[in-house]
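The next block holds one structure in the form of structure tokens; read it before the comments.
Nothing in this text is a laboratory measurement; each read-out follows from the coordinates by a stated rule. This structure is a prediction, so every number in the text was calculated from the model and none was measured. Cβ sites come from the backbone with ideal geometry, for glycine too, and all protein chains shown count toward neighbours.
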């Protein structure tokens, strides 16, 4: 049963949520023309986009991560930029830099040349292949939606979304993302191998002449308006309490952490996780045409929000216990205790 809430949607907001639900259904149908399966991944990418959060895509090569992000930008009429992270990539290769140019008056002046970060949807491919100095160039852009080059500030165009990929099977020559940078990502989105039927369909649809061009469904101004809309979705008080209790249980040094978790987790999630649980719940509710956040909305986003924020101990790793299974058990116990 929904608890009390002081928030209410206007009649116009209710109508626009209905429109957002229809747009969400059209988005999945349109992407299905070129992407086989991965419906959960598409849902989570949509949540990141409308919640103004960034996503970290984890999956082995060949699962269409780059194609999916590219086609998402195509259906949203947004500018797309792909940055291939390599060990020799420099910060200026991402942000851009001042170049000395000849002017029409015969003088030479510095002119700022925009880097690939100046787009709406950024695919940071294999982000863990670049050294920390280069990875740090992404932090300001992700948090502040601006970049600073030689003391000058440049604002990035909205909407702005970073989708980074990591390859879990190649660890040589990589630089693991520090916890502070992982916390900047709203979701960890894991991609699994397709089923046999899906793999056959992939072979049928991708070995022809060329892929179809997708129809644009939304424009930048509409997306910005919908980003504001999802933040107005009401949240019952017991949902806020559930999100806070769940996150606090992930902290092994806290009094609310269950005894079984303490030897398995060395570091738990911070306050940003609570924010992302609520934002993710609001956005999921709106995308499914709901006018209030339900418990199942927050439960559904718990794994992508919390998994990359839990640092497991050596004891957990030696027993084959990963963060995902810990989160699943925590959610189950917290729901039962409500």
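Worth a mention:
- Angle between the chain longest axis and helix 323-337 axis [Cα atoms, degrees, rounded to 10]: 40
- Relative to the longest principal axis of the Cα atoms of the chain, the long axis of helix 237-248 lies at roughly 80 degrees.
- The relative contact order of region 27-107, computed from alpha carbon pairs under 8 Å that lie at least 6 residues apart in sequence, is 26 percent.
- Label-to-label distance, residue 101 versus residue 21, with points set 7 angstrom from Cα along the beta-carbon direction: 5.0 nm.
- Debye intensity ratio in log₁₀ form over the Cα atoms of region 231-297, taken at each q of 0.14, 0.21 Å⁻¹: -0.46, -0.80
- Compactness index (Cα Rg / 2.2 N^0.38 Å), region 221-338: 1.13
- Virtual spin-label span in nm between residue 28 and residue 8, 7 Å along Cα→Cβ: 3.2
- Helix 271-287 and the longest principal axis of the C-alpha atoms of the chain enclose an angle of approximately 90°.
- Percent of Cα pairs in region 63-217 per distance bin of 5 Å, from zero to the largest separation: 2, 8, 15, 17, 18, 14, 11, 8, 4, 2, 1, 1, 0, 0.
- For region 233-338, the relative contact order works out to 32 percent when only alpha carbon pairs closer than 8 Å and six or more residues apart are counted.
- Counting only DSSP beta bridges whose two residues both lie in the chain, roughly 40 percent are antiparallel.
- Relative contact order (%) - criterion: Cα under 8 Å, at least six apart; region: the chain: 23
- Expressed to the nearest 5 percent, the antiparallel share of DSSP beta bridges inside region 59-188 is 55 percent.
- Per residue, the convex hull spanned by the alpha carbons of region 141-297 comes to 249 Å³.
- In plain terms, the chain from residue 324 to residue 88 could stretch by 81.7 nm, reckoned as 0.36 nm per residue minus the Cα-Cα distance.
- Nearest-0.05 FRET efficiency for residue 224 and residue 332, computed from C-beta distance (R0 45 Å): 0.75
- Our estimate of slack between residue 108 and residue 314, defined as 0.36 nm per intervening residue step minus the Cα-Cα distance, is 68.3 nm.
- Over the chain, DSSP H runs of length four or greater, each weighted -39,500 (n - 2.57), average out per residue to a 222 nm ellipticity of -13500 deg cm²/dmol.
- Each Cα pair of the chain feeds into the Kirkwood radius, which the Stokes-Einstein equation turns, at 25 °C and 0.890 mPa s, into a diffusion coefficient of 114 µm²/s.
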